[in-house]
Amino acid sequence: MLKKTAKKYTPSYKEKYMCAKHKKYFLEKLNSWRKEIVQSNNESVIVNNLDDNSSSADIVDQASSYTEKTVEMRASNRRRKLINKIDQALKRLRDGTYGFCEETGEPIGLKRLIARPIATLCIEAQEKHEKEEKIYVDN
């Protein structure tokens, strides 16, 4: 079992990129984030199950309840997808590819990974990807 790093530790550019300290930091960050999302999903399932038991004769209340459930289902689906991305990032940490761009093989960068620990592309590759996506949307 890994020993927890100090809460105030932040990866530094002075350290070797993706050294043991960096990997440990991101492992803890990803696991903590995953745990929060799973807990949130479990709580929303409980709340939705409680709501299912109460039905109203008022059509406006029913419509409102349906809308709320639809919004919650979408949020829950996004959280499930995020859990999958976190799991993929944890797998990359284990196999040694975490922190490196999937397209270029270049380092993604600490700032970007701290802001978005599930990032798979460096900024340049991400911008290129978004430009290509925009071209297809505009056509």
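The values are calculated or read from the model by the stated rules, or taken from the named source; none is laboratory data. Values in this document were obtained by computation on a predicted structure and should not be read as measured data. Don't worry about glycine lacking a Cβ; one is built from the backbone with ideal geometry, like all the others, and counts go over all protein chains shown.
Taking Arg74, is it part of a helix (DSSP H, G or I), touching a helix residue (DSSP H, G or I) at 6+ places or on another chain (Cβ under 8 Å) and over 25 Å from Tyr17 (Cα atoms)?
no
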Problem set entry | Single residue of Gly109, Gly99 found to be crowded, with 16+ Cβ neighbours inside 10 Å, touching a strand residue (DSSP E or B) at 6+ places or on another chain (Cβ under 8 Å) and of a type outside the set (A, V, I, L, M, F, W, C) | Gly99
Problem set entry | Residue count, the stretch 77-101 (criterion: in a helix (DSSP H, G or I) and more than 17 Å from the chain's Cα centre (by Cα)) | 2
Seminar exercise, completed: Filter the stretch 1-18 for residues that are farther than 21 Å from Gly109 by Cβ and aliphatic (A, V, I, L, M); the one that is modelled with the lowest pLDDT is Met1
